[in-house]
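Below is one structure, written out as structure tokens; comments come after it.
The values are calculated or read from the model by the stated rules, or taken from the named source; none is laboratory data. Computed from a prediction, not measured in an experiment: that's the story for all the values here. All Cβ positions, even for glycine, are placed from backbone atoms using ideal geometry, and neighbour counts span all protein chains on display. We work out accessible area using only protein heavy atoms, side chains counted, and drop any ligands, DNA or RNA first. Shrake-Rupley method; radii C 1.70, N 1.55, O 1.52, S 1.80 Å.
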Amino acid sequence: MGMSGRYLVVTKELVESIKSGEVSVHDVAVDLDIDKTWQMLQFTLNGNLVEGEPPLGYVVPLAGEQYVGNYSDMDLFLLSNEQVLEAYMALEQLTPEELKERYSLDRMIAEGVYPVMEDWDAEETFQEIVQTVDDVQALFQATAASGNGIIFYVF
């Protein structure tokens, strides 16, 4: 078991229930679990381990104004519907060639990106990131259309 990145689609009411302690994050259905690719995706899109400029910085929110607080023993990060839409549109415009230009297995190894190992196949790892981008993009598209937001956390 390792650190897994999880996305929850949330209404404003659900966010308030989580903040008040009425609802535990552990009791909310996970809409997308990107498993251990969360930090690889963050690094590929933003070039560092934690921070990123919007809108691609919204894809794996790990710092800044998206931080809601620590609830149910999790650091939670909230994206508004507008931020979800911005991130979706940025992913939609990101071509496979641009994603490939941002990707470097060697840089990930040098920077200690979790859980990357030196013996990993570069193309196989890139394809895993592409699949994760597709999955996140689909979730963000549906969430933007629904008018809801997203909570992200690592568990």
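Keeping all protein chains in position, work out how much accessible area ARG107 exposes to a 1.4 Å probe, and write it in Å² to the nearest 10.
110
Residue separation times 0.36 nm, minus the C-alpha to C-alpha distance between SER72 and ALA145: what's the value?
23.5 nm
With just the Cα atoms of segment 1-65, tell me how far they stretch along each of the three principal axes, in Å, largest first.
Between the extreme Cα coordinates on each principal axis of segment 1-65 lie 37, 29, 15 Å.
222 nm [θ] for the chain, helices only, -39500 (n - 2.57) per DSSP H run of 4+, per residue, to 500?
One gets -14000 deg cm²/dmol as the mean residue ellipticity at 222 nm.
Tell me which label goes with the value of percent of Cα pairs over 24 Å apart computed from the coordinates here: (1) 34; (2) 30; (3) 42.
Answer label, from the structure shown: (2).
Please give the Cα centre distance for segment 41-61 versus segment 1-36, rounded to the nearest Å.
20
For an R0 of 22 angstrom, estimate the FRET efficiency from the Cβ-Cβ distance between SER24 and ALA138 and round to the nearest 0.05.
Efficiency, rounded to the nearest 0.05: 0.25.
Find the eigenvalues of the gyration tensor of the Cα atoms of segment 67-155, then list the square roots of 5 times those eigenvalues as equivalent ellipsoid semi-axes, largest first, in whole angstrom.
26, 19, 10
If you count only protein heavy atoms and use a 1.4 Å probe, how large is the accessible surface of LYS19, to the nearest 10 Å²?
Accessible area of LYS19: about 90 Å².
Of the candidates VAL60, VAL25, VAL84, which one comes out as most mobile in a Gaussian network treatment of the chain with C-alpha springs shorter than 10 Å?
VAL25
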